[in-house]
Amino acid sequence: MITDFALLGIAVGAGLLMIAGGLASRRASLRAAMAMYDPAVALTDGVGLPSQAGRRHRLVSIGQRLDGLTSTAGHSTRRDQDLAITDRTLEGHAVLLASAMLTGLASPLVFFGLVAATGLKLPLGVLIAVCILGGLIGAAIPTLELRRSATRARERFLRALSCWLELVALAQAGGMGIEGALDAAGRISSDPA
């Protein structure tokens, strides 16, 4: 029982540390952010030790190489297309995915800790199986939500496109040229889709 509470404390503590780390992230200065993208930036400080920009540049290049290994050759995946249409970043989705998976893993630990506090004994195998299942469900939820949001965005775009094309067709039927019809339809609608 003490081991269960210790594991519960470790899981909750790790989750709180990750949440605090995400909330307390510092924003880089404009100079440091621009230095990441400037190939002429010296990657060492005056003493010869790697500077923070140099370490960041190496991490970015490692990330780009790993992304090249996982992505298909020049083709965007469905996930990339879904992220693009919903205006989300891959990093934001990865953070959401990891936090949901950790929540799914930790939730059964909290439940089993509360059950153990009442005096009931549950097998360790059940705890492990439920934690794995919770982690899998937690990992699936952000991806399913992303797909649902992307489907809604695609439907909204198609609806806006069909309305816009109807306006163009009406303007052309009224005697406008192609450029005038496109411009008139664009001025009527303020929807960026």
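Details
- Site pair residue 126 and residue 84 shows an inter-label distance of 4.9 nm when each label is modelled 7 Å from Cα along Cα→Cβ.
- Using alpha carbons only, the radius of gyration of segment 94-193 set against its Kirkwood radius gives Rg/Rh = 1.47.
- Accessible surface calculations at 1.4 Å, restricted to protein heavy atoms, place segment 84-158 at 64 Å² per residue.
- Calculated FRET efficiency, residue 99 to residue 160, Cβ-Cβ distance, R0 = 30 Å: about 0.35 to the nearest 0.05.
- Area accessible to solvent at residue 1, 1.4 Å probe radius, in Å²: 110 Å²
- Taking the 1.4 Å solvent-accessible surface of segment 116-193 as the whole, the part contributed by carbon and sulfur is 69%.
The values are calculated or read from the model by the stated rules, or taken from the named source; none is laboratory data. The structure displayed is predicted, hence computed values, not measured ones. So basically every Cβ, Gly included, is an ideal-geometry build from the backbone, and we count neighbours across all protein chains shown. Each accessible area value is taken on the protein alone, full model and side chains, heavy atoms only, with ligands, DNA and RNA left out. Shrake-Rupley method; radii C 1.70, N 1.55, O 1.52, S 1.80 Å.
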